[in-house]
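Working notes for the structure below.
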Amino acid sequence: MNYKTILLNGLWSQNPGLVQLLGLCPLLAISNTLENAVGLGLATIFVLILSNASISLIRSLVPDAIRLPVFVLIIAALTTCAELLVQALHYPLYQSLGIFLPLIVTNCLILSRAEALARRESVWISTLDGAAQGVGFFLVLIALGGLRELLSSTLILAALPPGAFISLGLLVALHRALTEWVKNRHQTTNQNDHTERRVRTTGDIL
Amino acid sequence: MAWRLTLFGVITSIFVGIIYVSTAPAIKAARESARLNALHDLAEPLLSDAHIGHAVLTALPGSYPSSLISPLLVTPIQANSRTEGVIIPVSTDQGYNGPIKMLLALDRNQKIAGFRVIEHRETPGLGDKIDADKTNWILQFNGMSYASITPELWAITKDGGQFDAFTGATITPRAVINALAETLRYLDEYPNALGIVP
């Protein structure tokens, strides 16, 4: 697997928030303000990078039968550390994130990266994937948080739970439209290349 | 297989332990400053030219109610060596889900300067309306003292008192008001219990 694919997957084509739709619970619940979104996003990146790295590091030591308990142990330990660090470094954020900080442990994005990639790939690839997926999730969180905070001053619905679903729907639609557009453009340029390259190879050449 | 799982358990526990021990002092300091901020909000009416003093453990005389613990952590509000008021913790076990912890700020005449719920696990959307972040319900006690209404009225309307409970939640406001009422009743009986001389 090359680095460019991994980065592109996390940030765009396999984005956890917009394409895989993983970790929706914190994504929707915590995106009501930008500050909360940034805090939870950074905590998730922290846990995701370290869990991918450490799971990849121990991958040869873990038999398949105890794979899941070990992964959950590692993720839970890292989440506890993240919780302690947020408490120590920025207590008001800890208070406003409330239950969603310890709930990072149940974010299916983290376990899915461990299962899908980190238990097979090298430490370096896994760390990079953790960073790419984490940053992808973070960007969706702040886009959603920013959008909702911006709209909520004029449209109270945006601050409420239904507003989270609608805003995320709009972002998913935007993502699809952009992907389509890029794909179409790519195809037309390819076709153009094709026509230009067409040359006569048979018949008389004058 | 089992020993490997145990080994991983031990390793991760040690790891968490190290982080816990190394962040503990910073967390304690952050908690303390968050507590002081909360106290500032609470005692705001008294703080015009006063400041929050150091908390003192005070043994309570007589038979004190279950909403107070003895020795009680009394935080004085001081201005020029005169005590303008106190902040005391109040708690109750009568809530719907675990203990409800509150803070009560009283001025020299035992009038309520501020009253807040600081920790609870009441039902979101029902019982959590006691939280000042959700509704203003808890602010209705500001400015009252035990003597300002007859003792029977210190209860929710369902129990013959004068304070409204929320629709669908009776247990939570009843617990809060009963804890407040028995605290005020006790302090009315022992005006010097907290070390302020009126």
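Just a few scattered comments:
- Here region B:8-45 and region A:39-106 have alpha carbon centers that stand 18 Å from each other.
- Measuring between alpha carbons in the structure, the pairs from B:Lys28/B:Lys101; B:Lys101/B:Lys134; B:Lys101/B:Lys129; A:Lys4/A:Lys183; B:Lys111/B:Lys158 lying more than 22 angstrom apart are B:Lys111/B:Lys158.
- Per-residue shielding of B:33-44, expressed as the average number of other chain Cβ atoms within 10 Å of the residue Cβ, stands at 1.
- Comparing B:Pro61, A:Pro26, B:His40 along the charge dipole axis of the protein assembly as shown, the residue lying farthest to the positive side is A:Pro26, per the Cβ-charge model.
- Relative to the globular-protein estimate of 2.2 N^0.38 Å, the Cα radius of gyration of region B:106-170 stands at 1.19.
- Against chain A, whose longest principal axis comes from its Cα atoms, helix A:67-89 is set at around 70 degrees.
- For the protein assembly as shown, the antiparallel share of DSSP beta bridges with both residues in that region comes to about 95%.
- Stokes-Einstein D (µm²/s) once Rh is taken as the Kirkwood radius of chain B over alpha-carbon pairs, at 25 °C in 0.890 mPa s: 132
- The protein assembly as shown, helix-only ellipticity at 222 nm - DSSP H runs n ≥ 4, -39,500 (n - 2.57), divided by all residues, nearest 500: -17000 deg cm²/dmol
- Residues whose placed amide H lies under 5 Å from that of B:Glu119, excluding near-sequence neighbours: B:Lys101
- Taking the longest Cα principal axis of chain B as reference, the axis of helix B:171-189 is set at about 60 degrees.
- For chain A, taking Cα atoms only, Rg and Dmax work out to 21.5, 83 Å respectively.
- Within a Gaussian network of chain A (alpha carbon springs, distance under 10 Å), most fluctuating of A:Gly23, A:Gly169, A:Gly39: A:Gly169
- Convex hull of Cα atoms in the protein assembly as shown, direction-averaged projection (nm²): 31.3
- Using alpha-carbon coordinates, inclination of helix A:161-197 to the longest axis of chain A, degrees: 20
Quick note: the coordinates plus some simple rules give every number you see, no bench work behind them. Source: prediction; values computed, not measured. Neighbour counts are summed over all protein chains in view; Cβ atoms, including those assigned to glycine, are modelled from backbone coordinates with ideal geometry.
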